[in-house]
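A quick write-up on the structure given underneath.
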Amino acid sequence: MEAALPESARGGVAKPSSEADARRRRAFIYGLIAFLLVASLPFLPVNNYIIAAVVRALIFISLGQAWNVVAGIGGLLSLGHGVFLGIGCYTTGILFNQYGIPPWLGVWVGAVLSLLVALVMGSMTLRMRGVFFALATVAASLAMVQISRHFVDLTGGADGLALKFFGNSWWAAQSRTPAPFLYASLAFVTLYYWITRWILNSKLGLEMQAVRDDEVAAAAAGVAVFRTKMLGLLVSAAMTALAAGLYMQFYMAIDPEAAFGLSQAIQLQLPALIGGLGTAWGPIIGGAVMIFLSEVTNWGGTKIGVSGVDILVYGLMLLVVVLYAPKGIVGSVLRNAMKGADR
Amino acid sequence: MNAPAVALEVRNIARNFGGVVALRDVTFSVREGEVVGLIGPNGAGKSTLFEIVSGNIRPSGGRVAYFGRDCTTMASHLRRRAGMCRTFQKVRLFESMTVRQNISVAASQCLPKGRDLGEEVNNILAQMRLEHQAERRPSELTLADRKRVEIGRAIAGHCRLLMLDESLSGLTHDEAEHLIDEIMQLNRARGITVIVVEHVLSVLAAMVQRLVVLHNATVIADGTPSEVAHDPVVIEAYLGTKQKALR
Ligand SMILES: Nc1ncnc2c1ncn2[C@@H]1O[C@H](COP(=O)(O)OP(=O)(O)O)[C@@H](O)[C@H]1O
Ligand SMILES: [Mg+2]
């Protein structure tokens with residue numbers, strides 16, 4: 001892996017104004033408060049329904065952060081990141097149900113398979129214009145739908161795959177209550193936040209941003225454009241597949257539509273799009289807003305007997321962001337509050 | 001003393017865009033340490049030649065050699081790492097990154113072993129007089145400073161041949177004078193070979209030892225500024241209408 005750049009070669013470090021320092025400190029403190037609040041939920045008078053909703057938010061933040069790496073930092077528009085989610089879920093599930101391999105191991109197999117698929121997709125398309133990569137991700141999603149429907153014995157076909165239930169079990173990474181998943185997903189969000197921050201400040205991250213901004217100029221600056229894109233895609237695919245392990249243990253089931261469908265593909269993109277592409281805070285804030293609004297509207301929808309309102313809400317949120325905050329919440333709305341802070 | 005090495009040799013280069021002949025049978029060479037002007041009217045093929053030499057596009061025919069090594073099919077980022085550096089006619093910076101990061105990303109690709117990256121970036125910032133702009137983003141800079149950043153990014157890390165595509169155009173007289181000073185300083189202090197594309201001939205005449213004239217996709221003259229200025233073919237084809245520009 002690439003070494004981090006020395007302090008003096010980074011942006012914003014040479015002459016940090018005291019104001020930027022204060023903002024950075026404030027962002028850290030808010031983050032810490034949010035972290036502690038979430039971590040203490042099981043000890044507060046909060047029911048499991050709410051905790052489960054928070055877990056959903058944290059899982060989508062993790063997945064969104066993974067997409068953010070390739071699309072936000074790297075500028076590669078993946079419209080089918082569900083491929084890596086699905087490969088992660090199905091691999092973990094099949095290995096567990098059919099071969100009794102615990103998800104602790106299965107998830108790594110899923111990550112390796114995702115890396116292989118990313119490698120094939122990348123080497124076929126990343127030397128061409130960006131639109132070909134975007135199309136390839138869509139094509140791969142469609143192919144995966146067919147594959148997962150076809151191998152019924154392994155995947156359960158169109159009905160999907162449900163994990164054999166073992167109750168509370170460390171070995172099977174299963175739990176009757178959502179609290180353990182709360183800590184697991186919180187760990188993922190924290191880890192992925194730091195990974196994103198690390199990438200943004202690393203040599204690889206600068207190269208990815210250079211390629212995102214201008215490929216021709218990046219090559220003229222000595223950046224190996226293809227290799228940089230490929231590395232970004234691989235990191236993102238592995239992050240997605242690992243978070244998929246958590247997804248599978250929490251939801252206990254996967255089906256072709258949930259893994260490779262259009263609405264899943266959109267949900268993977270929303271946290272970063274709403275929160276702010278290419279920032280480490282973006283997917284966190286965007287994912288929280290996204291799940292909060294969808295929970296509220298779904299709850300309201302059930303009251304009046306309408307289901308599936310969340311998809312509509314996602315669409316509306318995206319529209320609002322594109323029209324009024326094209327750089328996302330972090331980039332547009334909180335721009336001044338977070339100026340100089342590590343976004 | 002030995003004769004200086006040939007830094008760049010362009011031999012029989014040709015390039016078509018569909019039916020448009022942008023370059024045909026272009027041959028010339030540049031010795032190490034020279035400052036050479038490449039002139040010619042709009043559409044003569046100057047930028048296309050830079051694109052080919054830097055590896056951004058492939059020639060339809062001909063060879064490019066860099067310090068004696070054929071590099072016609074070498075990837076452009078590898079040419080840059082070998083010290084073949086360029087700017088673009090329309091400035092191309094990494095707009096979301098700070099000036100420091102713009103320079104740093106290039107410097108980190110090809111810094112010789114044992115040199116400190118932070119120090120190199122600071123040196124370049126100082127050399128291009130960009131210290132006070134280091135934490136700004138390109139969109140906050142004047143055109144002159146944007147061109148400085150692009151040159152800084154071009155030479156960062158390792159540079160033996162610098163190709164400037166109209167880096168002086170669009171600047172005020174003073175800005176252009178300053179930039180020329182800096183370019184000549186790079187040539188003298190760092191021993192960088194320079195090829196300048198420009199159509200403001202009066203500025204070029206003061207800085208270059210040699211002019212290569214491109215007209216209708218091919219080289220029509222190659223010599224000292226005064227030789228070129230008195231070349232009947234050049235006067236006929238190009239300068240005849242632009243005598244004033246030369247003075
Ligand atoms: N990418 C391209 N596609 C089609 N035609 C091009 C392209 N680049 C350059 N040309 C054509 O090649 C010729 C030379 O262009 P150029 O190298 O930009 O000239 P100069 O830099 O001397 O003004 C022009 O006729 C131009 O229209
Ligand atoms: Mg040109």
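General observations
- Spans of helices (runs of 4 or more DSSP H) in region A:158-252 with at least 1 residues of a type in the set (S, T, N, Q): A:179-201, A:203-213, A:225-251
- Failed condition for residue B:90, given (1) assigned to a loop (DSSP other than H, G, I, E, B); (2) touching a Ser or Thr at 6+ places or on another chain (Cβ under 8 Å); (3) within 14 Å of chain A (Cβ to nearest Cβ): (2)
- You will find that of A:292, A:260, the residue that is among the aromatic types (Phe, Trp, Tyr) and closer than 24 Å to residue A:186 by Cβ is A:292 and no other.
- Residue within region B:5-21 that is acidic (Asp, Glu), farther than 25 Å from residue A:217 by Cβ, within 16 Å of ligand 1 (Cβ to nearest atom) and surrounded by fewer than 21 Cβ atoms within 10 Å (Cβ to Cβ) present: no
- For region B:49-70, filtered to residues that are β-branched (Val, Ile, Thr) and surrounded by 23 or more Cβ atoms within 10 Å (Cβ to Cβ), the residue that is farthest from ligand 1 (Cβ to nearest atom) is B:64.
- Selection within region B:111-132 - more than 12 Å from chain A (Cβ to nearest Cβ) and part of a helix (DSSP H, G or I): B:126, B:127
- Considered as a group, the residues in region B:165-180 that are within 16 Å of ligand 2 (Cβ to nearest atom) and closer than 22 Å to residue B:53 by Cβ include one that is modelled with the highest pLDDT, and that residue is B:165.
- Against the list (1) more than 9 Å from ligand 1 (Cβ to nearest atom); (2) in contact with a strand residue (DSSP E or B) (Cβ under 9 Å, 6 or more places away or on another chain); (3) assigned to a helix (DSSP H, G or I); (4) not hydrophobic (A, V, I, L, M, F, W, C), the condition residue B:77 fails is (2).
- Contacts under 6 angstrom Cβ, first residue in region B:45-59 being within 11 Å of residue A:220 (Cα to Cα), partner away from ligand 2 (no atom under 13 Å from the Cβ) and of a type in the set (Gly, Ala, Ser), 6 or more apart: B:54/B:76; B:55/B:76; B:56/B:76
- Some residue of region B:164-181 being surrounded by 23 or more Cβ atoms within 10 Å (Cβ to Cβ), not in a loop (DSSP other than H, G, I, E, B) and not assigned by TED's automatic domain parsing to the domain that holds residue B:127: yes
- Condition check for residue B:32: among the acidic types (Asp, Glu), within 15 Å of ligand 1 (Cβ to nearest atom) and within 18 Å of the chain's Cα centre (by Cα): no
The values are calculated or read from the model by the stated rules, or taken from the named source; none is laboratory data. Model, not experiment: these values are computed from the prediction. Every residue, glycine as well, gets a Cβ built from its backbone with ideal geometry; the counts of neighbours run over all protein chains shown.
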